[in-house]
Amino acid sequence: MSGLLIAAPASGSGKTVVTLGLMRALKRRGLVVAPGKAGPDYIDPAFHTAASGTPCFNFDPWAMRPSFLHAQAAQTTPDALLVIEAMMGLFDGAADGMGSAGDLSSLLSLPVVLVVDCARTSQSVAAVATGFARFRADVRVAGVILNRVGSDRHEAMLRAAMAKTEVPVLGCLRSDPQLSLPERHLGLVQAGEHAALENFIERAADAIDAGIDIGALLSIVQAAPLRESAPVRGIAPLGQHIAVARDLAFAFSYPHLLEGWREQGATLSFFSPLADEGPSPDADAIYLPGGYPELHAGRLATADGFRSSMMGAADRGARIYGECGGYMVLGDGLVDADGHRHAMLGLLPLVTSYAVRKRHLGYRRLRSLAPDLFAGSYTGHEFHYSTVVAEGAADRLFEAEDALGEPLGAVGLRRGSVAGSYMHLIDIAGAGA
């Protein structure tokens, strides 16, 4: 395996734009790019896929077993270059200090390209680069990209300072207000909502071609040995034929989860609730992933075809599972940002509100309380701003604790073959590490 990790000292340094531009610049040169995203991110991978032309998978060093991470890396073809974008700062992990992008670099022997935001600094960049390069002996910071440089004079000052360090400068990127991506409450606005995404990626690639020494960057890439292991099985499929909701309201499904279900023999089909589509009548399981139902509650409430199909599936005993946004849609009602309540599917006794906002964020360890639906224990992640304003009588789905091992109590709801929670499942907990 050959690859590298694009990281930064902190969030907001511009590593996503740099990653997109680099992936496209490498693709222009005829290289096969295998994109990856570190951590529990559902939005950035769609941008990576658009830039590289190749499906993007998550690499989560906290929530995924080491054997699973190696298996993810092993899926890249021998002639592909694995380019993984880090999350947060290089050494930022979960509340327990584990699971940083640095840990991933060490585990997969990936050299690090550090993207440093230089908009408000000059010579101090040398101290930042030196500190990151020396912080951990098992993490190799192989080069720096100086981002958001203001002028020729600014670049000269930065390069003079970096010349006193052992970290090579791979290039400089000038500040460009057109190279910024809009955000909303859960991260970047989704790739599918950008009418001019292709033009944006091309502009980012032009900036990379103009400011980065691609030859020097590729020279730091080393072929890293992959750990020999038997095939690693992930979370078991929900059924033999799983109908997956997929549109702007239900976009937060992990590619590794869906691909893992296929590898275990499940057939997947897709449908769009926003287009008033229902799941395939042949499906014995239905998956409603997370997304932004709070932004489309009115349309979902009037999607009569979707509603009737879901009711029919529940009546015939199909297994129906919703995560986060999907969980909200399985409830009785969803209150939008303006305080208007919209009727949802009513398959679980739950009312959620985006008008009453509170951030819920963090890794979770989950023990199943419904072994006929989910067997054993799992790792997962929770990230949402909506709140539960009413719950009725139903069984609980998981017993949860946070990254520090603090108990969070029983979470989620289950009624017959219908279940859901705010948790996004990532991997099996602990087994086969």
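The values are calculated or read from the model by the stated rules, or taken from the named source; none is laboratory data. Keep in mind the model is a prediction, meaning the values are calculated, not measured. Using ideal geometry, Cβ is built from the backbone for each residue, glycine included, and neighbour counts are taken over all protein chains shown. These accessible areas exclude ligands, DNA and RNA; they are computed on the full protein's heavy atoms, side chains included. Shrake-Rupley method; radii C 1.70, N 1.55, O 1.52, S 1.80 Å.
Data overview
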quantity: Carbon and sulfur %, accessible surface of the chain computed with the full protein complex present, 1.4 Å; calculated: 51
quantity: For the range 58-178, radius of gyration divided by Kirkwood radius, i.e. Rg to Rh on alpha-carbons; calculated: 1.02
quantity: Surface per residue (accessible, 1.4 Å probe) for the chain, Å²; calculated: 39
quantity: Degrees, to the nearest 10: 304-315 long Cα axis against longest axis of the chain; calculated: 70
quantity: Contour excess over end-to-end distance, with Cα ends at I220 and A74 and 0.36 nm allotted per residue; calculated: 50.5 nm
quantity: Sites A236 and V356 - FRET efficiency at Förster radius 45 Å, r taken between beta-carbons, to 0.05; calculated: 0.80
quantity: Modelled FRET efficiency - R0 41 Å, D209 with D138, Cβ distances, 0.05 increments; calculated: 0.80
quantity: Translational diffusion of the chain, µm² s⁻¹ [Kirkwood Rh, Cα pairs; Stokes-Einstein; 10 °C; 1.306 mPa s]; calculated: 70
quantity: Debye-sum result for the range 115-176 in log10 I(q)/I(0), which assumes one identical scatterer on each alpha carbon, at q = 0.22, 0.23 Å⁻¹; calculated: -0.80, -0.87
quantity: Long-range amide H partners of S269 with built H, under 5 Å; calculated: I242, A243, V244
quantity: Whole-Å distance, taken between Cα centres, linking the range 291-364 and the range 16-37; calculated: 36
quantity: Distance (nanometres) between label positions extended 7 Å along Cα→Cβ at A275 and R316; calculated: 2.1
quantity: Options L373, G97, G290, ranked by Cα towards positive dipole end of the chain, top entry (Cβ charges); calculated: G97
quantity: Quotient of C-alpha Rg and 2.2 N^0.38 Å, computed over the range 1-116; calculated: 0.96
quantity: Two-site FRET efficiency, S377 against R153, from Cβ-Cβ distance with R₀ of 60 Å, rounded to 0.05; calculated: 0.60
quantity: Rg [Å, one decimal], Dmax [Å, integer] - the range 328-414, C-alpha atoms; calculated: 13.8, 40
quantity: Mean projected area in nm² (Cα convex hull; one quarter of hull surface) for the range 282-348; calculated: 4.2
quantity: Helical mean residue ellipticity (222 nm; -39500 (n - 2.57) per DSSP H run of 4+; nearest 500) of the chain; calculated: -7500 deg cm²/dmol
quantity: Accessible-area order (highest first, 1.4 angstrom probe) of the listed residues S105, S269; calculated: S269, S105
quantity: Whole-Å distance, taken between Cα centres, linking the range 380-423 and the range 99-136; calculated: 37
quantity: Dimensions in Å of the range 247-393 - Rg and Dmax from alpha carbons; calculated: 15.1, 44
